[in-house]
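Asker: Dropping a structure here in structure tokens format, bear with me for questions.
The values are calculated or read from the model by the stated rules, or taken from the named source; none is laboratory data. Just so it is clear, the model here is predicted, and its values are computed rather than measured. Positions of Cβ are generated from backbone atoms using ideal geometry, with glycine treated the same way; all protein chains shown enter the neighbour counts.
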Amino acid sequence: MAKHTNGNAAVTKPPAVLYTIGYEGRGIRDFVDHLTAKGIKILLDIRDNPISRNRDFCKSRLERTLGRQGIRYEHMKGLGTPKPIRDQYKLTGNKESFVRAFSAFLGTRGDDLNDLYADVLTSVCCVMCVERDPETCHRSIVGERLQSLNGHDVAIVHIE
């Protein structure tokens, strides 16, 4: 928890929370139920290309479905994994190399990370990508970078 002072007394402020979720293996109803159970108000899609073989998770359909539930959809392309980095990872399977390349890319995305931080401070937000397991997805790297840039006053909660 972050400590702040309020006059003479120290006040412990709970950290802001960034939720994350992957839709792999989920139906749209299950996906939306998980979001509404956590009180998500904004879903931030951090896929480079917001398309899917499962049409329910393509940008326009997902945006309509979420809107009916009172959840705002936003595509944050700038936090997606660029195609050359994805292609290299598919070719080599080298996770360490992927993490290094994507982390270096994130170093150029300060405005996008600041926008994400502002959203997290003002609403209940969740970043979304494909992979269900957060450890195999770049959204974990995004969360870690957000924490390191903001004094670790953001808690990362992965929705199972």
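Asker: Just a yes or no: is a residue in segment 132-139 under 13 Å from residue 21 (Cα atoms), over 11 Å from the mean Cα position of the chain (by Cα) and either modelled with pLDDT of 95 or more or basic (Lys, Arg) (or both)?
Answerer: yes
Asker: Evaluate the following for residue 89: is it within 21 Å of residue 32 (Cβ to Cβ) and without any contact (Cβ under 8 Å) to a residue 40 or more places away in the chain?
Answerer: No: the conditions fail for residue 89.
Asker: What tally of residues in segment 27-45 results from selecting those that are assigned to a helix (DSSP H, G or I) and either touching a helix residue (DSSP H, G or I) at 6+ places or on another chain (Cβ under 7 Å) or not small (Gly, Ala, Ser) (or both)?
Answerer: Of the residues in segment 27-45, 9 are assigned to a helix (DSSP H, G or I) and either touching a helix residue (DSSP H, G or I) at 6+ places or on another chain (Cβ under 7 Å) or not small (Gly, Ala, Ser) (or both).
Asker: Further question: Looking at the structure I just gave you, is residue 28 touching a Lys or Arg at 6+ places or on another chain (Cβ under 6 Å) and either closer than 19 Å to residue 158 by Cβ or not polar (S, T, N, Q) (or both)?
Answerer: No: the conditions fail for residue 28.
Quick grid of which residues meet (1) more than 18 Å from the chain's Cα centre (by Cα); (2) farther than 15 Å from residue 137 by Cα; (3) surrounded by fewer than 16 Cβ atoms within 10 Å (Cβ to Cβ):
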{"residue": "57", "(1), (2), (3)": "no, yes, no"}
{"residue": "64", "(1), (2), (3)": "yes, yes, yes"}
{"residue": "76", "(1), (2), (3)": "no, yes, no"}
{"residue": "104", "(1), (2), (3)": "no, yes, yes"}
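Asker: What are the residue pairs meeting all of these: first residue in segment 122-138, first residue under 18 Å from residue 72 (Cβ atoms), second residue at pLDDT below 95 and surrounded by 15 or more Cβ atoms within 10 Å (Cβ to Cβ), Cβ atoms under 6 Å, and 6 or more apart or on different chains?
Answerer: Final answer for the pair search is 129/137.
Asker: If you check residue 99 against the conditions, is it among the hydrophobic types (A, V, I, L, M, F, W, C), in a helix (DSSP H, G or I), crowded, with 19+ Cβ neighbours inside 10 Å and modelled with pLDDT of 95 or more?
Answerer: For residue 99, the condition - among the hydrophobic types (A, V, I, L, M, F, W, C), in a helix (DSSP H, G or I), crowded, with 19+ Cβ neighbours inside 10 Å and modelled with pLDDT of 95 or more - is not met.
Asker: Now for a separate question. Is it the case that residue 31 is under 16 Å from residue 130 (Cα atoms) and surrounded by 13 or more Cβ atoms within 10 Å (Cβ to Cβ)?
Answerer: yes
Asker: Same structure, new question: Name the residues in segment 102-137 that are among the hydroxyl-bearing types (Ser, Thr, Tyr) and not in a loop (DSSP other than H, G, I, E, B), would you?
Answerer: Those that are among the hydroxyl-bearing types (Ser, Thr, Tyr) and not in a loop (DSSP other than H, G, I, E, B): 103, 117, 122, 136.
Asker: Could you tell me which of the residues 147, 69 is free of Cβ contacts under 8 Å to residues at least 24 places away in the same chain and under 28 Å from residue 41 (Cβ atoms)?
Answerer: Just a single option satisfies the conditions, and that option is 147.
Asker: Return yes when residue 52 is of a type in the set (Ser, Thr, Tyr), within 12 Å of residue 23 (Cβ to Cβ) and surrounded by fewer than 18 Cβ atoms within 10 Å (Cβ to Cβ) and no when it is not.
Answerer: yes
Asker: So, in segment 108-129, exactly how many residues are under 11 Å from the mean Cα position of the chain (by Cα) and aliphatic (A, V, I, L, M)?
Answerer: 5
Asker: Right, something else. Of all residues in segment 50-74, count the ones that are within 24 Å of residue 111 (Cα to Cα) and touching a Leu at 6+ places or on another chain (Cβ under 8 Å).
Answerer: Residues that pass the stated criteria total 5.
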